[in-house]
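Presented below is the structure to which this report refers.
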Amino acid sequence: MFASGWSLGEQAYRAIQKDLVRHDARTIVEFGSGTSTLRLSRDFPGATVLSLESEPQFCDETRSQLSEVGGGAWVEVALRPIVWQRHSLGFFRSYQPGSFPTDVDAVLIDGPPITTRRGREACLYQVFRYARIGARIYLDDYCRQAEQQVVRNWLRAYPRELVYRETFAVDHQVAVLEKVGERRTPRISPQNALDSAIQNGRSLLGRVRRRWK
Ligand SMILES: C[S@@+](CC[C@H](N)C(=O)[O-])C[C@H]1O[C@@H](n2cnc3c(N)ncnc32)[C@H](O)[C@@H]1O
């Protein structure tokens, strides 16, 4: 079912599924919709799933698949376009901020695409305060340096509130973290601010180069 290279992959999904069952996850927030949304709806029939999607086309696709072959979970696929936003001292391109359910048990971050650079980093900053203590956070594509940097930045932003647990070393690899303490806003970190500025500078430079080619 995970046919596209853009998606999580069967083994990664199964590892996450097992972990969700072990942690009795009932309220799940997903960044980046697709086959994973469909599978969650089938495998967790009692769950509430909020799936955020930035592209109208993929939003429609996921919604129509859910209506055709979806399962028993209560699923909302919300269209939240990519916008600039500030968290702490960093500026990010990520999903438009919006509401979240309370007491989130699990967060699956599989978007936005790499072209946003640290877009995935902002996802946790948006949802962290809505997650319960013990919530599991899954970050796909952990084989990439960008995602590894995102985890380092998160751990600096939540030094006593977040711990890295393990990596599911299958498909594109999934980092697994856990919320262990409360914090409303990420801690100010000069290293994170610098990383964000460098990424935005590179992105701008790339755009200028493409324009003048
Ligand atoms: C990695 S995908 C998320 C996939 C989803 N979590 C899954 O495993 O099925 C992240 C985002 O890429 C975009 N996307 C999905 N399929 C795509 C495709 N075939 N080509 C380009 N972008 C795609 C969508 O906006 C999606 O939210």
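What follows is calculated from the coordinates using simple rules that are stated; it is not laboratory data. These numbers were taken from a predicted model, which means no experiment stands behind them. When we count neighbours, we look across all protein chains shown, and the Cβ atoms used for this are built from the backbone with ideal geometry, even at glycine.
Some notes on this structure:
- For the stretch 60-110, the set of residues classified as over 14 Å from the mean Cα position of the chain (by Cα) and among the acidic types (Asp, Glu) consists of ASP60, GLU61, GLU68, GLU76, ASP103, listed by residue number.
- Qualifying residue in the stretch 24-37 (condition: free of Cβ contacts under 8 Å to residues at least 60 places away in the same chain and more than 8 Å from the ligand (Cβ to nearest atom)): no
- Residue within the stretch 144-156 that is surrounded by 14 or more Cβ atoms within 10 Å (Cβ to Cβ), under 12 Å from the mean Cα position of the chain (by Cα) and not charged (D, E, K, R) present: yes
- Matching residues, the stretch 169-196, being surrounded by 13 or more Cβ atoms within 10 Å (Cβ to Cβ), touching a residue at least 60 places away in the same chain (Cβ under 8 Å) and not basic (Lys, Arg): VAL170, ASP171, HIS172, GLN173, VAL174, VAL176, PRO186, SER189, ASN192, ALA193, ASP195, SER196
- Where a residue in the stretch 1-19 is closer than 19 Å to VAL176 by Cβ and polar (S, T, N, Q) and its partner, wherever it lies, is within 10 Å of the ligand (Cβ to nearest atom) and part of a helix (DSSP H, G or I), with Cβ under 7 Å and at least six apart: SER7/THR35; SER7/SER36
Let's see how each residue does on (1) in contact with a strand residue (DSSP E or B) (Cβ under 6 Å, 6 or more places away or on another chain); (2) outside any helix (DSSP H, G or I); (3) at positive phi; (4) aromatic (Phe, Trp, Tyr):
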| site | (1), (2), (3), (4) |
| --- | --- |
| GLN149 | no, no, no, no |
| ARG152 | no, no, no, no |
| ARG156 | no, no, no, no |
| ARG165 | yes, yes, no, no |
| VAL170 | no, yes, no, no |
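- Exclusive hit being surrounded by fewer than 17 Cβ atoms within 10 Å (Cβ to Cβ) and not in a strand (DSSP E or B), set SER41, SER7, SER36, SER64: SER64
- Residue ID - farthest from the chain's Cα centre (by Cα), chosen from residues in the stretch 44-59 that are free of Cβ contacts under 8 Å to residues at least 40 places away in the same chain and surrounded by 21 or more Cβ atoms within 10 Å (Cβ to Cβ): PHE44
- The test for being near the ligand (Cβ under 8 Å from one of its atoms) and charged (D, E, K, R) does not hold for GLU10.
- Restricting ARG202, ARG209 to residues that are more than 15 Å from the chain's Cα centre (by Cα), assigned to a helix (DSSP H, G or I), of a type in the set (D, E, K, R) and farther than 24 Å from LEU89 by Cβ narrows the list to ARG209.
- The residue that is surrounded by the most Cβ atoms within 10 Å (Cβ to Cβ), among those in the stretch 111-143 that are within 9 Å of the chain's Cα centre (by Cα) and of a type in the set (D, E, K, R), is GLU121.
- Residues located in the stretch 197-213, provided they are over 22 Å from ASP141 (Cα atoms) and loosely packed, with under 12 Cβ neighbours inside 10 Å: GLY201, LEU204, LEU205, ARG207, VAL208, ARG209, ARG210, ARG211, TRP212, LYS213
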